[in-house]
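Some notes on the structure that comes next.
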Amino acid sequence: MQKFVFCLSSVALWVCAVSAFLPPCDREIYCTGPILHQVQKAKLFDDDKYFVDMKLKAAPDVVSSAFHNLSREFPNTTVPRAELQEFLNTCFEKPGTEFESWTPPDWHDKPKFLGRIADQELRDWAKKLHNLWKSLGRKIRADVKDHPELYSQIYTPHPVVVPGGRFRELYYWDSYWVINGLLLSEMRDTAYGMIQNFLHLVNRYGFVPNGGRVYYERRSQPPFLTLMVESYYQATKDEEFLR
């Protein structure tokens, strides 16, 4: 038994060591390259996440080549802020273009749980939370599937519910709480679709990435997928889904 534990620990340490030398992803523009380095160092945006969520207007090699030519015009290949901002305006689109408008079709305004809350103030607060589902739903455009090289967004076939704010993509363990909330709000179809998205990611990567961006594709979070399935089954008793 001790030998088994030792071997298992050795393998775990080896995996950690190998992972430490790997970049977050193989997409140079979003994870490792000179464009990322100069944009983040220049602090063009209040949020460092803003740039890595932008869409490319041209193929990555075209954009990289254009930046290489631009940087050669300046000392130490450091592009000044104004020219760097102009380059981004020319070669990138703002974050959010990867989504199309979507309202969860299974949302309705009177889920049963609201009627079980006796305190009026708490019921009003819960209703506001329930209304948020309409604003947090996202459907990824087919163009992300057809041209993944232009996006940091990872395509998933079903709509998602995002945390909101600066987080414009699905997240792994956040979605456990989201799915439980959806089930409480009687939005079973949306919850089912989110679980299918995670299964899609497992089929693609062998695990569920931390979130729905390429810069998360080599990291994960605590294993909540099984708990999501359990929550869905407890709410629906759908044995066919388990098969």
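Bear in mind that the values in this text are calculations on the coordinates, not laboratory data. As the structure is a prediction and not an experimental result, all values here were calculated from the model. Every residue, glycine as well, gets a Cβ built from its backbone with ideal geometry; the counts of neighbours run over all protein chains shown.
Structure data summary
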item	result
Kirkwood Rh, angstrom, the stretch 23-93 [1 / mean 1/r, Cα pairs]	12.3
In order through the stretch 187-194: 3J(HN,Hα) via Karplus (6.51 cos²θ - 1.76 cosθ + 1.60), integer Hz, x for Gly, Pro	9, 5, 5, 5, 4, 4, x, 5
The stretch 105-219, relative contact order [Cα under 8 Å, separation at least 6], %	26
Where only C-alpha atoms are counted, convex hull volume of the chain per residue in Å³	180
Cα Rg, Dmax (largest Cα-Cα span) when computed across the stretch 119-220, Å	14.6, 51
Computed magnitude of the charge dipole of the chain (debye, nearest 20; Cβ of K, R +1, Cβ of D, E -1)	340
18 Å cut-off, amide nitrogen to a point 7 angstrom out along Glu240 Cα→Cβ, residues in the stretch 170-211	188-196
Additional length obtainable on full extension of the chain from Ala82 to Asp106, 0.36 nm per residue less Cα span	4.0 nm
Helix-only [θ]222 nm of the chain, DSSP H runs n ≥ 4, -39500 (n - 2.57) each, per residue, nearest 500	-16000 deg cm²/dmol
Relative contact order (%) - criterion: Cα under 8 Å, at least six apart; region: the chain	18
The stretch 99-242, dipole about Cα centre (Lys/Arg Cβ +1, Asp/Glu Cβ -1), debye to the nearest 20	340
Cβ-placed point charges (K, R +1; D, E -1), dipole of the stretch 23-93 about Cα centre in debye, nearest 20	100
Set of lysines with alpha-carbon distance to Lys41 below 27 Å, sequence-local pairs under 8 removed	Lys49, Lys55, Lys57, Lys94
